[in-house]
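Worksheet: one structure, shown below.
The values are calculated or read from the model by the stated rules, or taken from the named source; none is laboratory data. Everything quoted here is computed from the prediction, not taken from an experiment. We place every Cβ from the backbone using ideal geometry, glycine too, and count neighbours over all the protein chains shown.
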Amino acid sequence: MAIPKNITVEKINQAIAYIDEHGFPDDNQSKKYDLITSSGKKYPPKYVIAVARAIENHAVVEDKIIVKGFDGTEAWKKLDKLGFKIEKRGKKERIVDIPDFNEYETDITEVEIKQLEGEKFTIIFDKNSSKSKTNQRKPSFVARKIDFDYINAAKRKIGALGEEIVFGELKQQAEESCLQTPIHASKEEGDGLGYDIRAFDKQGNEIHIEVKASKSKNSGGFEMTQNEVKASIKHPEHYKVYYVYAIDIDTKNCRIKIYDGPFTNEFYTMEPTGFKVSQK
């Protein structure tokens, strides 16, 4: 069934209201274009048209919406003609607010804090490398003087920044998709959970997200604690690592690569990087 020629803006708005209430199936997610409302929410054009067509034809909207009879190009062109904002999907880039870092005990330097005040961070998402094994490489050892105090402090402050960037992004996603607001668990409930953020999918299921962060431009790896690995194995289908890397405080840019659990040798190269030593 083709797109009705007399479909109206009113019917499109009714369709959007329906989607806000009921959501839309994952298999109807748009691959090339989004309909953007004035509030910034994104909708798949083809599914919006299908719902509007059902409303126009006085069909029972609660029934399964049939998305047939037209292609995605016809859908977004129709919506564009009706005056709706259409945006082509490309490299996923987002902007999130920068938090107040003065609340952290181990923090970014005073100079860097001033650089971040009132600024926003631009995020570029890499294509997912979910459950893909990294390239095998022989370990190399370089003799050099290492300032361990500085490294420990840098990891903590960059880690805090990474968590805030990811949490800000997830809050935006939740608002746009009418999902339950995520919880910054490590901040509100303390460490020890094996993850930093508790988000929610369309069915209300918890998604546990561990955040890793680095200024390095290399996206090839990160460290996990034994507790984090165990948490990923316990609920593998609901565990992800968001690796925030190439963090540039001067330009306010970063990249994010998302990895799916579980974190085991079956899916990733797992190398021990430390030892706990005690008296015999």
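For the reader, a short list of remarks on this structure follows.
- Residues satisfying the stated conditions in the stretch 1-35, i.e. touching a Gly at 6+ places or on another chain (Cβ under 9 Å), at pLDDT below 90 and among the aliphatic types (A, V, I, L, M): Met1, Ala2, Ile3
- Residue list for the stretch 53-81, filter: modelled with pLDDT of 70 or more, assigned to a loop (DSSP other than H, G, I, E, B), within 18 Å of Gln14 (Cβ to Cβ) and under 31 Å from the mean Cα position of the chain (by Cα): Val67
- One residue alone among Gln203, Gln172 is within 25 Å of Glu21 (Cα to Cα), surrounded by fewer than 18 Cβ atoms within 10 Å (Cβ to Cβ) and free of Cβ contacts under 8 Å to residues at least 12 places away in the same chain, and that residue is Gln203.
Matching residues to (1) of a type in the set (Gly, Ala, Ser); (2) closer than 15 Å to Glu169 by Cα:
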{"position": "Glu188", "(1), (2)": "no, no"}
{"position": "Gly192", "(1), (2)": "yes, no"}
{"position": "Lys202", "(1), (2)": "no, no"}
{"position": "Ile209", "(1), (2)": "no, yes"}
{"position": "Val229", "(1), (2)": "no, no"}
{"position": "Asp250", "(1), (2)": "no, no"}
{"position": "Lys257", "(1), (2)": "no, yes"}
{"position": "Pro262", "(1), (2)": "no, no"}
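- Here is the figure for the stretch 209-226: residues that are surrounded by fewer than 14 Cβ atoms within 10 Å (Cβ to Cβ) and either at pLDDT 90 or above or closer than 15 Å to Gly194 by Cβ (or both) total 3.
- Selected residue (criterion: nearest to the chain's Cα centre (by Cα)) from residues of the stretch 2-28 that are loosely packed, with under 12 Cβ neighbours inside 10 Å and part of a loop (DSSP other than H, G, I, E, B): Ala2
- Within the stretch 221-280, the set of residues being over 24 Å from Ile158 (Cβ atoms), in contact with a strand residue (DSSP E or B) (Cβ under 7 Å, 6 or more places away or on another chain) and outside any loop (DSSP other than H, G, I, E, B) comprises just one member, His238.
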